[in-house]
1. Could you tell me which residue of segment B:332-343 is nearest to the chain's Cα centre (by Cα), considering only residues that are within 11 Å of another protein chain (Cβ to nearest Cβ) and surrounded by fewer than 24 Cβ atoms within 10 Å (Cβ to Cβ)?
2. Any residue in segment B:301-315 that is touching a strand residue (DSSP E or B) at 6+ places or on another chain (Cβ under 7 Å), in contact (Cβ under 8 Å) with a residue 24 or more places away in the chain and within 14 Å of chain A (Cβ to nearest Cβ)?
3. Looking at B:100, B:157, which one is closer than 21 Å to residue B:60 by Cα, in contact with a helix residue (DSSP H, G or I) (Cβ under 9 Å, 6 or more places away or on another chain) and touching a residue at least 24 places away in the same chain (Cβ under 8 Å)?
4. With the requirement that a residue be within 13 Å of residue B:178 (Cα to Cα), more than 7 Å from every other protein chain (Cβ to nearest Cβ) and in a loop (DSSP other than H, G, I, E, B), what does segment A:39-87 give you?
5. Of all the residues that make up segment B:71-87, how many are within 17 Å of residue B:148 (Cβ to Cβ) and crowded, with 23+ Cβ neighbours inside 10 Å?
6. Would you mind finding the one in A:214, A:232 that is within 30 Å of residue A:516 (Cβ to Cβ), touching a residue at least 12 places away in the same chain (Cβ under 8 Å) and either crowded, with 22+ Cβ neighbours inside 10 Å or not assigned by TED's automatic domain parsing to the domain that holds residue A:354 (or both)?
7. Looking only at segment A:1-32, how many residues end up being assigned to a loop (DSSP other than H, G, I, E, B) and either more than 32 Å from the chain's Cα centre (by Cα) or surrounded by 19 or more Cβ atoms within 10 Å (Cβ to Cβ) (or both)?
8. Quick check on residue B:255: is it in contact with a strand residue (DSSP E or B) (Cβ under 8 Å, 6 or more places away or on another chain) and closer than 26 Å to residue B:6 by Cα?
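The values are calculated or read from the model by the stated rules, or taken from the named source; none is laboratory data. Just so it is clear, the structure is predicted and the values come from calculations on it, not from any experiment. Neighbour counts are summed over all protein chains in view; Cβ atoms, including those assigned to glycine, are modelled from backbone coordinates with ideal geometry.
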């Protein structure tokens, strides 16, 4: 497309033909307020916040949808525009539950921010807020339609990014609500609890089911031994959640959590490494079953099982492919099972007194920990799950100055992590970590990628593919893989997962191993991460994740000293009896 | 004025004669004739039909569509019902000519939910035309196929708006789309689509048979053709009337036998409310948009009741998608309540509501929200007696 000239507030600007007025204004350095617009989603044009005046037009134009044409003259703060924007805001506020101090999104609310920016101090229109209607049934996500402004970002997220589509506008006129089939609870529809809707909601209509209170109570109870685990992506999101620039903050995070008064601060990266060992051996064993034993019951491609949103998705939508899913529990649940067995032994603590808390970039993890099968330690393996945002709120409440706090290290036994564990937080990371370990196990050599960086599985492409040919000379016992080309695929965002699953189901995919993360960008873009999200924000978090990987001494899961100790003292061998008891699980078909 | 009647004339053209003539012309010539006639959409918005057909014909894309908007939902309109009941052959013929003109073989009639009894009427006309080889495969032996199906609506007023109608046809919620793209480029199932009103299609055979110039001469001034009006309310002879486009309201009322006129609602609830002093205003796109509905209120009517009724209608019928329409109509309803209860006692206090009405007109997504405040502005300024207020207005 050629460049054209448009006039924005009288100033001639050169932009590409066909871009929207919103983009053109961005180029010209003019800020246009938006609410229903989101860079990840299709254009709705329903909030009417971005109205601008176009010379010669009878009506105002919505900047987010309207393409520029040559010599178009746009006014962005004429009297008409200003009146329109203020009126739109007043209309939204008139029917909005503006009990801001009680809202999770207070001071991080796009409606509040725009009201402040447009100096809305009084409202001539009668206010008749919708009645509060909090749904508390679902373990991961809560809804309060009294705060909803009907921008439909959640609806578009659920449908376009996730191919789940369980929420839709229902009813008409002022009685429209965003609802589910027959107005059921999110628990009773195929919602994956991924929380992608939550991080795109401009207000507080969607938020996580908070577990801050029971966690404080556990910390304050002297009879409880509170163990925290922190997921890889939390360390690249926490600073942001506390209002600081996007950066990794592992040491500060550990110090701040310790500052809350918890007994042990440990790392989910440790069990990410453990997942790699178990899952890597599972893959090799499946390949052997298929290639050597010609066992037709072996399901390939094997698929990762770390992402609980993905697991719930496949249980609902592709139950016939459940045998393909790795039996490995997610790192969170492996950690939980070990905390109340292995760690209890090491620390000489009654497992009944352990309160196991995980900090996750995820709302689906709150659902996962409630699964009835997640009690292999004899107790509930994980008691509470906090999102990155909830941890930030606790740090704020405790008055901890995150910027000034001295960095500290994780506690021992389950606190060592490797770069391979860290990159679990980014799409392609589990695949890369698995390849780093599996290749070395079967060939005896490091994976032949510069700096161990398996670039083909990195990046924001929705579906990534790679093929790695094994050397001719293999380690003893793995000769059957000599010269075999291992085909892998990686998808993030459930809409991309669906594309891949349709191919697998149709028999059109010849992959051996597939990594799926429910959330765009992987866990760093998870539903429990700081709000807002955008491709740029996820890109920055990704860079932080890979920087953390590169900075760590150990980059391969099997090199983790504490993992080696765990096997030596407790598990004995990968896929062994103890592993099967504690670290592996099964799945169920859901309607 | 009976000589000016074409749609409700005693003599009807022989079914198929206009189609026969069209098929003897190039499709471009058919579009040209319609364009030259300067006929504008009879649904109310008044977009030039020939230009619409030309755009759809020129649009790239296969499986082009011809859709008849028979979702006659504007309060007080019943002219399309009358046309379908009595002249459905003309409608189907007009659609078929449109199909030939733009290169489409598929027509759909989106029929108002409340008109199910018209389905057998249309079906019979369709069967008759198929029997005569005027519809279906190889029409009149030519390499031209065209068939028409009927799809009943589900009762939403907003589905009279063409993009909502298309969404509804696709099985989705009936809510307006953003434009561009326009239906002529990307309409039903992303196909180039022409959507026209029943009356527009019904006029086409006459234009083809008698020529563009003849049609132009039927109107007054720059308004071409005749127009059907459904008149109801406080008059002697309610019904459907055909008048030259550009006729005055007074002429129409005289024909329908209006005695005592306090107000006339022209163009339905979303149209204009005029006083007895404005009866010389013309029914034309340059003055009072002649959608088809004319409702007369005599001096016994309390206009605040009328206003309340209209606003209630819009509050009920807004699709709820865009902020200005969904929330705006509710706030206008508040204003009416406040006036009625005496809580607003001056025009000055109404200022925020007039401002709201203006924003709705220029800021709403579709015609519904853009026109729903008309009745508020007109009735409050012309019929409600409120002092200006301290500072004046």
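1. Just the residues of segment B:332-343 that are within 11 Å of another protein chain (Cβ to nearest Cβ), to begin with: B:332-335, B:337-338, B:343.
Next, from what is left, pick out any that are surrounded by fewer than 24 Cβ atoms within 10 Å (Cβ to Cβ): B:333-334, B:337-338, B:343.
Working: B:333: 25, B:334: 29, B:337: 30, B:338: 33, B:343: 37 Å.
Once the filter is applied, the top-ranked residue is B:333.
2. Kept after step one, since they are touching a strand residue (DSSP E or B) at 6+ places or on another chain (Cβ under 7 Å), are these residues of segment B:301-315: B:303, B:306.
Of the ones still in play, those that are also in contact (Cβ under 8 Å) with a residue 24 or more places away in the chain are B:303, B:306.
Going one step further and asking which of them are within 14 Å of chain A (Cβ to nearest Cβ), we end up with none.
No, every residue in segment B:301-315 fails to be touching a strand residue (DSSP E or B) at 6+ places or on another chain (Cβ under 7 Å), in contact (Cβ under 8 Å) with a residue 24 or more places away in the chain and within 14 Å of chain A (Cβ to nearest Cβ).
3. Values: B:157 fails: closer than 21 Å to residue B:60 by Cα.
Answer to the check: B:100.
4. A:42, A:44, A:63, A:64, A:66
5. Residues flagged as within 17 Å of residue B:148 (Cβ to Cβ) and crowded, with 23+ Cβ neighbours inside 10 Å within segment B:71-87 amount to 4.
6. When all the criteria are applied, what remains is A:232.
7. The first filter runs over segment A:1-32 and keeps only residues assigned to a loop (DSSP other than H, G, I, E, B), leaving A:1-2, A:9-10, A:17-19, A:28-32.
From the residues that got through so far, the ones that are either more than 32 Å from the chain's Cα centre (by Cα) or surrounded by 19 or more Cβ atoms within 10 Å (Cβ to Cβ) (or both) too are A:1-2, A:9-10, A:17-18, A:28, A:30, A:32.
Number satisfying all stated conditions: 9.
8. Working: in contact with a strand residue (DSSP E or B) (Cβ under 8 Å, 6 or more places away or on another chain): yes; closer than 26 Å to residue B:6 by Cα: yes.
The answer is yes for residue B:255.
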